[in-house]
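Trainee: I am attaching a structure below and will ask some questions about it afterwards.
What follows is calculated from the coordinates using simple rules that are stated; it is not laboratory data. Since the structure is predicted, the reported quantities are computational estimates derived from the model, not experimental observations. A quick note on method: Cβ atoms are made from the backbone with ideal geometry, for glycine too, and the neighbour counts reach across all protein chains shown.
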Amino acid sequence: MFVYTAGASAIAADLNIPAAYIGYQIGIAYFAATLCTLFSGSLTRRMGYVLALAIAMALIAVGAAVTTLWQLVGMFAGSIIMGLGFGLIPASASQILISVTEKNKRAFIFSIKQSGIPIGGMLSALTTPYFAEQLGWRAAGYAVSFSCLLIFLFLFLNRHRWIIEDRNTAPVSLNPFLPLIAIHRSRRLMMLVYMAVFYVGIQIVWLTFMSPFFVEDLQFTLVEAGYFLAIVQVTGIVGRILWGWLSDRLQDNFSAMLMLGWIMAICCAAPYFLDAETPVLWLSLLCFSIGFSAVSWNGVFHAALIEVADPGETVQVIAGMAFYVYVAMFTWPALYALLIEWSGNYTISMSTLVLFSMAGIYCAWQSKILR
């Protein structure tokens, strides 16, 4: 999805729509992902962890191709297909890691796994503007499709080699409410998931609208905005690993998430003071801080979720968490697209994210004290 956010201005010009409409496209993809997560826990148990992850990559490959081949209809259909793939990933990938990771190293290992997201974002931020200017934005879409197809083949061919899955031969229920029931059995789990809803709102809104914000309000070129987005992603890679290491060192995932929330609050208040005259050094520092907080909390959160979850319900808890997170990921970009269109600028709209950080801090604190 980072290809579409990094190339939002070029895609919008080609399709003759406002750049802020990328929020709707992201929303469609995560709406489909949300529906898929309700079945992902049961499907992962039925198919096996590695095969479920392979099928997810195949869906993303097909969706990227469809999105790239056709105009607005392709964007709609391809986003749905990619979203179904996204919905299968959390439960299957997390179960693979749980199977091979020691408990006292989970935050670090999950942070390394989650660092793949900003690595992909960084590559998209650096390469998509080049593709858009030299070859057209569709070349970037084809590259995504081909890459996902290769990953699918690798996973499918090796699905029986990495881990031995102890799958129950009894029929697996596809009841879509099982993940939600698993979350709502524990108030502590609920507060932890609500924290993720607010934190991911900050993350997805920044990553979705940073490029058009810097182009339209701060008067940078698309390529220059891509460099700022790359700062966020590079810092997110290092930040996730460092926060995971610190959390394991402290053996306290919850304190780490509280510290992350306060850094996010400072970052989200900053846009109110930005304009086209803001020095590049200050903007770079802001992007660094966003990457170190809003893009770095995920691995520690996954470790905390697994710590709190009943071992027998982990796959359903992860699926339930993914449902709530994906609801946030398709809702917040769409709402912020409306807010930006209504307000006429990004500065004030982005500043409202400080409310999200404060709500997330409260939920993290509640989850900590409910031990």
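Trainee: Ranked highest first by average number of other Cβ atoms within 10 Å, how do 254-260, 192-198 line up?
Mentor: On the way: 254-260: 21.6, 192-198: 24.6.
Put in order of decreasing packing, that is 192-198, 254-260.
Trainee: Computed over the Cα atoms of the range 203-308, what is the convex hull's projected area averaged over all directions, in nm²?
Mentor: Over all viewing directions, the range 203-308 projects a mean Cα-hull area of 6.5 nm².
Trainee: Next question. Along each of its three principal axes, how wide is the spread of alpha-carbon positions in the range 151-272, in whole angstrom units, largest first?
Mentor: In descending order, the Cα extents are 60, 40, 34 Å.
Trainee: Points 7 angstrom from Cα along the Cβ direction at S351 and T221: gap in nanometres?
Mentor: With each label placed 7 Å out from Cα toward Cβ, I get 3.1 nm.
Trainee: First check a/c for the range 327-371, with a ≥ b ≥ c the square roots of the eigenvalues of its C-alpha gyration tensor; if it is under 1.5, answer rounded, and if not, answer prolate when a/b is larger than b/c or oblate otherwise.
Mentor: oblate
Trainee: A follow-up question, please. Go through the range 274-284 residue by residue and turn each phi into a ³J(HN,Hα) via Karplus (6.51, -1.76, 1.60, θ = phi - 60°); whole Hz please, and just put x for glycine and proline.
Mentor: These are the phi-based 3J(HN,Hα) values: 9, 8, 5, 8, 5, x, 4, 4, 5, 5, 5 Hz.
Trainee: Looking at L180, A32, V73, which one has the Cα that reaches farthest to the positive end of the dipole of the chain (charges on Cβ: Lys, Arg +1; Asp, Glu -1)?
Mentor: Result: L180.
Trainee: Among 215-225, 59-69, 86-96, 271-281, what's the highest-first ranking by average C-beta atoms within 10 angstrom per residue?
Mentor: Order by mean packing, descending: 86-96, 59-69, 215-225, 271-281.
Trainee: For the chain, modelled as a GNM with alpha-carbon contacts under 10 angstrom, which of A322, A77, A230 fluctuates the most?
Mentor: With Cα springs under 10 Å in the chain, the top fluctuation among A322, A77, A230 is at A77.
Trainee: Here is a further query. Name the residue, out of L15, L126, L149, whose mean-square fluctuation peaks in a Gaussian network model built on the chain with Cα pairs under 10 Å.
Mentor: Largest GNM mean-square fluctuation: L15.
Trainee: Now for a different question. Tell me what the chain gives for mean residue ellipticity at 222 nm when only DSSP H runs of n ≥ 4 count, each as -39,500 (n - 2.57), the sum divided by the residue total, rounded to 500 deg cm²/dmol.
Mentor: Estimated from H runs of four or more residues: -27000 deg cm²/dmol.
Trainee: Ratio of Rg to Rh for the range 112-163, alpha carbon only, Kirkwood? Walk me through the intermediate numbers first.
Mentor: Values: Rg = 14.1 Å, Rh = 12.7 Å.
Here Rg/Rh amounts to 1.11.
Trainee: If you don't mind, there's one more thing I want to ask. Find the Cα radius of gyration of the chain, compare it with 2.2 N^0.38 Å by division, and give the number to two decimals.
Mentor: Dividing the Cα radius of gyration by 2.2 N^0.38 Å gives 0.94.
Trainee: Checking the a/c ratio against 1.5 first, then a/b against b/c, what shape does the Cα gyration tensor give for the range 269-371?
Mentor: It is prolate, given that a/c is not under 1.5 and a/b is the larger ratio.
Trainee: Towards the positive end of the charge dipole of the chain, with charges on Cβ (+1 Lys, Arg; -1 Asp, Glu), say which of L283, V232, I369 has the farthest Cα.
Mentor: Positive-end residue among those listed: I369.
Trainee: Label 7 Å along Cα→Cβ of E341; the range 193-210 residues with amide nitrogen under 19 Å?
Mentor: Hits in the range 193-210 for E341 at 19 Å: 205-206, 208-210.
Trainee: Which of the peptides 135-148, 337-350 is most tightly packed, and how do the rest follow, going by the mean number of other Cβ atoms within 10 Å of each residue? Please report the intermediate quantities before stating the final value.
Mentor: Numbers: 135-148: 18.9, 337-350: 16.9.
Top to bottom by mean Cβ count within 10 Å: 135-148, 337-350.
Trainee: Beyond 15 Å, what share of the Cα-Cα pairs of the range 295-347 is found? Please give it as a whole percent.
Mentor: 62 percent
Trainee: Assuming R0 = 56 Å, what is the FRET efficiency of N104 and V73, from their Cβ-Cβ distance, to the nearest 0.05?
Mentor: So the FRET efficiency works out to roughly 0.65.
Trainee: Give me K368, K103 sorted ascending by neighbouring Cβ count inside 10 Å, so fewest comes first. Before the final figure, lay out each step's value.
Mentor: On the way: K368 19, K103 10.
The order, fewest Cβ neighbours first, is K103, K368.
Trainee: Pop a pseudo-label 7 angstrom from the Cα along the beta-carbon direction at both H184 and E277 and give the gap in nm to one decimal.
Mentor: Calculated label separation equals 5.4 nm.
Trainee: Give me the distance in nm between label points sitting 7 Å out from Cα along the Cα-to-Cβ direction at E133 and A269, one decimal.
Mentor: Distance between the two pseudo-spin positions: 3.6 nm.
Trainee: Could you state the principal axis extents of the C-alpha atoms in the range 15-134, from the largest down, to the nearest angstrom?
Mentor: Reported extents, whole Å, longest axis first: 50, 30, 21.
Trainee: Kindly state, to the nearest 0.05, the FRET efficiency for D310 paired with I112, given R0 = 22 Å and r defined as their beta-carbon distance.
Mentor: After rounding to 0.05, the efficiency reads 0.30.
Trainee: Would you order Y49, Y362 from fewest to most other beta-carbon atoms within 10 Å of each residue's own beta-carbon?
Mentor: Least crowded to most crowded, the residues run Y362, Y49.
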